[in-house]
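Notes for the one structure printed next.
The values are calculated or read from the model by the stated rules, or taken from the named source; none is laboratory data. Keep in mind it's a predicted model, so treat the numbers as computed, not measured. So basically every Cβ, Gly included, is an ideal-geometry build from the backbone, and we count neighbours across all protein chains shown. These accessible areas exclude ligands, DNA and RNA; they are computed on the full protein's heavy atoms, side chains included. Shrake-Rupley method; radii C 1.70, N 1.55, O 1.52, S 1.80 Å.
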Amino acid sequence: MSSLSNSKRPLIGCTTYRKQVNQLEVIGLNAPYIEAIIAAGGIPILIPLSLDDDAWRAVFDRVDGLLLPGGGDIDFRRYTNEQQAELRAIDQDRDRLELALTQTAVAEQKPFLAICRGHQVLNVAMGGTLWQDVYSQMPNAVMHDFSSPYPRYHIGHTVTVTAGSKLAHLLPDRTIPVNSIHHQGVYELAPGLAVSARSEDGLIEGLELPDHPFAVGVQWHPEGMYQHYPMMLSLFKGLVAAAANGNGARGQGDNGAK
Ligand code: MN
């Protein structure tokens, strides 16, 4: 995508986290997400979680694509009445904003890449449910939570990519080693979503919407891998390319392809 002129480089809206660092409250996003979007030819735009409905809608209308990054757990009340495990780092503003953004991006065909928590947000936004804790709930689960002290690029397990899926077009092999930094996972698949990858224990590690320009979810962290495994940048390139196409369709650029 480096051949795109600056005026056509797509804007990728990225949701953020809020956390306390020393005595400061910080709104931010881990640098590798931002750097991966830039490396793929996009321009990241950070979206604060506290925006009201009019404000996030104004951002949504201006950006060409979205990134839903990793983060803490979704409040179980968003998909069930029953708490089954200890949840981590619930943020009601983040749940509210990301679920609304995702539902709008699905309805209005806005390209998005959903990573880790984002992959789970996609399933919940469309009516699916989660394993609240993979280890204590899912029979025969392999280890999925390689958080610190493991480096972010540590290979946790492999995934098998579904032939013919959008993900299969982005990645070169059917069986792919991935990192794994999560304790929750997709349980009941939402209507309309297709499974594009599973780990060896059967856990759903890739999701996509077949009739959408680019709605791709992955349970692993490609932003933490691409410096060591360059093929993982292709997920961000796919997002940026789909977002750039949307640009043209709205008449800001070359509309001649179709
Ligand atoms: Mn995993």
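Largest first, the three principal axis extents of the alpha carbons in region 47-120 are 39, 22, 19 Å in whole numbers.
Excluding ligands, DNA and RNA, the accessible surface per residue across region 67-166 is 42 Å² with a 1.4 Å probe. Listed peptides 215-227, 91-103 appear in the order 215-227, 91-103 once ranked by packing, highest mean of other Cβ atoms within 10 Å at the front.
Give me the Kirkwood hydrodynamic radius of region 11-247 in Å, from all C-alpha pairs, to one decimal place?
Numbers: mean 1/r = 0.0566 Å⁻¹.
It works out to 17.7 Å.
Evaluating 6.51 cos²θ - 1.76 cosθ + 1.60 at θ = phi - 60° for every residue in region 220-237, the Karplus couplings come out as 8, 10, x, 5, x, 10, 5, 5, 9, 10, x, 4, 5, 5, 5, 5, 6, 5 Hz, glycine and proline recorded as x. Please give the calculated 222 nm ellipticity per residue for the chain, where each DSSP H segment of at least 4 residues contributes -39500 (n - 2.57) and the sum is spread over every residue; nearest 500 deg cm²/dmol? Calculated from helices alone, the mean residue ellipticity at 222 nm is -8000 deg cm²/dmol. Taking the protein heavy atoms of the chain in the context of the full set of protein chains, the accessible area attributed to carbon and sulfur is 50 percent at 1.4 Å. Enumerate the residues in region 157-171 having an amide nitrogen under 18 Å from the point lying 7 Å beyond the Cα of Tyr150 toward its Cβ. Answer for this model: 157-160.
Where does each of 56-66, 136-146 land if you order them by average Cβ count within 10 Å, highest first? Walk me through the numbers on the way to the answer.
Working: 56-66: 18.7, 136-146: 14.1.
Output ranking for 56-66, 136-146: 56-66, 136-146.
Karplus-derived 3J(HN,Hα) values for region 150-167, using 6.51 cos²θ - 1.76 cosθ + 1.60 with θ = phi - 60°, are 5, x, 4, 8, 4, 6, x, 6, 9, 10, 9, 8, 5, 4, x, 7, 4, 4 Hz; glycine and proline are entered as x.
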